[in-house]
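*Asks:* Quick one: this structure, given as structure tokens, is what I'll be asking you about.
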Amino acid sequence: MLGLCIDHFTNLVDPVITMEYVIETCYGHVSVSVYGDQDKPALVTYPDLALNHTSCFQGLLFCPEACSLLLHNFCIYHISPPGHELGAATISPDDPLLSVDDLADQIAEVLNYFGLDAVMCMGVTAGAYILTLFAMKYRQRVLGLILISPLCNAPSWTEWLYNKVLSNLLYYYGMCGVVKELLLKRYFSKEALGSSQVPESDAVQACKRLLDERQGLNVWRFLEAINGRQDISNGLRKLLCCSLIFVGENSPFHFESLDMTSELDRRYSALVEVQACGSMVTEEQPHAMLIPMEYFLTGYGMYRPPKLSVSPRSTLSPICISPELLSPESMGLKLKPIKTRISLEV
């Protein structure tokens, strides 16, 4: 569907070149999907548990304004967690389990393969943790972080136990119905999941179909890494880059994201809370990301092509954003600590 989005808007952005790479690293093979002109600055994405770029960032890139903004300014490098790419076979049980540090170091090897120096990063929940850890370990290689419902603490006892139950289900039963339901509750709000009276959203239905393609043992390996993560909150203030954080109001990781925002240097971070939304803002409310991202990237000298005005379908207009976010001193390299709520009223 991403290809359809790009083809449909070829009058708005340059023709997009798509390449698939399988890169050998010290930690095994990793799949990278590259969209755009590799002479442009790099945007690296990393998805949440059991997802890849098709199921985690498709909604954002299917939004024409966001597609135009990102592909006009970046070449996008979608990194899939090991074994999460489309058509992936089950990873051999002889391969060692990777830690979150291994996954962060693997990103550095991917950047070396493509000859990339400093990059912009975008990650969702587990992927946001991996990219934040990467930014802490390789500070000179990250220009900025766009994080969606991120994690920074070690798992609470409740989360650890919940993940253990999910881990056992994955190990013994694979991607069964119960696992899919638990994962969908991780990603989406109750409104999107629907009820006996209200059908589930198109985004939820699409995600269900894509989860059917995942290999349970591969997802189990990524979950084991995330459930073994360490608290990295003490190192957040040492980050050299700016951070823009989105979190859905109904995300199970809402408190985690607020806590992470409080630990970041307030001069260089901003928070956007999205009402009636779960963790995966990129799929459930992608339009809510457009204006904050546009102002964030303005600080890096990037902009949306003037040919494309705000779509009448968009739920956003500048007046929906706090005036603090729109002030010049709060943009770019000096973002103010704010708590912005996006109105979803049309």
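The values are calculated or read from the model by the stated rules, or taken from the named source; none is laboratory data. Small disclaimer: the values here were computed from a predicted structure and weren't measured. FYI the Cβ positions are ideal-geometry reconstructions off the backbone, even for glycines, and counts take in every protein chain you see. Heavy atoms of the whole protein, side chains included, go into the accessibility calculation; ligands, DNA and RNA do not. Shrake-Rupley method; radii C 1.70, N 1.55, O 1.52, S 1.80 Å.
*Asks:* How many residues does the stretch 261-272 contain that are touching a strand residue (DSSP E or B) at 6+ places or on another chain (Cβ under 7 Å), farther than 23 Å from Q58 by Cβ and not small (G, A, S)?
*Replies:* Residues in the stretch 261-272 being touching a strand residue (DSSP E or B) at 6+ places or on another chain (Cβ under 7 Å), farther than 23 Å from Q58 by Cβ and not small (G, A, S): 4 in total.
*Asks:* Out of curiosity, is A135 open to solvent by less than 30 Å² (accessible area, probe 1.4 Å), in a helix (DSSP H, G or I), touching a residue at least 60 places away in the same chain (Cβ under 8 Å) and not hydroxyl-bearing (S, T, Y)?
*Replies:* Taking the combined requirement at face value, the residue satisfies it.
*Asks:* Now, a different point. Give all pairs with beta carbons closer than 7 Å in which a residue from the stretch 31-48 that is farther than 14 Å from N73 by Cβ meets a residue that is open to solvent by 10 Å² or more (accessible area, probe 1.4 Å) and assigned to a loop (DSSP other than H, G, I, E, B); count only pairs at least 6 apart in sequence or on separate chains.
*Replies:* S31/E85
*Asks:* Something else: What number of residues within the stretch 131-152 are polar (S, T, N, Q) and either under 21 Å from L211 (Cβ atoms) or in contact with a helix residue (DSSP H, G or I) (Cβ under 6 Å, 6 or more places away or on another chain) (or both)?
*Replies:* 1
*Asks:* Let me ask you something else. Please tell me if Y113 is surrounded by 17 or more Cβ atoms within 10 Å (Cβ to Cβ) and hydroxyl-bearing (S, T, Y).
*Replies:* Answer is no for this residue.
*Asks:* If I291 satisfies every condition in (1) open to solvent by less than 30 Å² (accessible area, probe 1.4 Å); (2) part of a loop (DSSP other than H, G, I, E, B); (3) at pLDDT 50 or above but one, which is the exception?
*Replies:* Unmet condition: (2).
*Asks:* Please go through the stretch 148-172 and give me each residue that is crowded, with 18+ Cβ neighbours inside 10 Å and of a type in the set (V, I, T), ordered by number.
*Replies:* Correct list: I148 only.
*Asks:* Can you tell me which of S257, S233 is touching a residue at least 12 places away in the same chain (Cβ under 8 Å), farther than 25 Å from V30 by Cα, among the polar types (S, T, N, Q) and in contact with a helix residue (DSSP H, G or I) (Cβ under 6 Å, 6 or more places away or on another chain)?
*Replies:* S233
*Asks:* Can you tell me which residue within the stretch 160-196, out of those that are in contact with a Cys (Cβ under 7 Å, 6 or more places away or on another chain) and in contact (Cβ under 8 Å) with a residue 24 or more places away in the chain, is nearest to I226 (Cα to Cα)?
*Replies:* Looking at the filtered set, the residue picked out is Y187.
*Asks:* Can you say whether G127 is closer than 20 Å to H84 by Cα, in contact with a Pro (Cβ under 6 Å, 6 or more places away or on another chain) and either not charged (D, E, K, R) or not in a helix (DSSP H, G or I) (or both), as far as the supplied structure shows?
*Replies:* yes
*Asks:* Turning to a different aspect of this structure: Does any residue in the stretch 197-213 that is farther than 12 Å from E181 by Cα come within less than 7 Å, Cβ to Cβ, of a residue that is open to solvent by 90 Å² or more (accessible area, probe 1.4 Å) six or more places away or on a different chain, and which pairs are these?
*Replies:* Within 7 Å, the pairs are E213/L86.
*Asks:* Restricted to the stretch 96-124, and to residues that are in a helix (DSSP H, G or I) and of a type in the set (D, E, K, R), which residue is farthest from E20 (Cα to Cα)?
*Replies:* We begin by selecting, within the stretch 96-124, every residue in a helix (DSSP H, G or I); these are 100-114.
Remaining after also requiring of a type in the set (D, E, K, R): 101-102, 105, 109.
Values: D101: 25, D102: 22, D105: 21, E109: 16 Å.
Top of the filtered list is D101.
*Asks:* Find the residue count for the stretch 217-243, including only residues that are more than 26 Å from L98 (Cα to Cα) and either among the basic types (K, R) or surrounded by 23 or more Cβ atoms within 10 Å (Cβ to Cβ) (or both).
*Replies:* Total meeting the criteria: 3.
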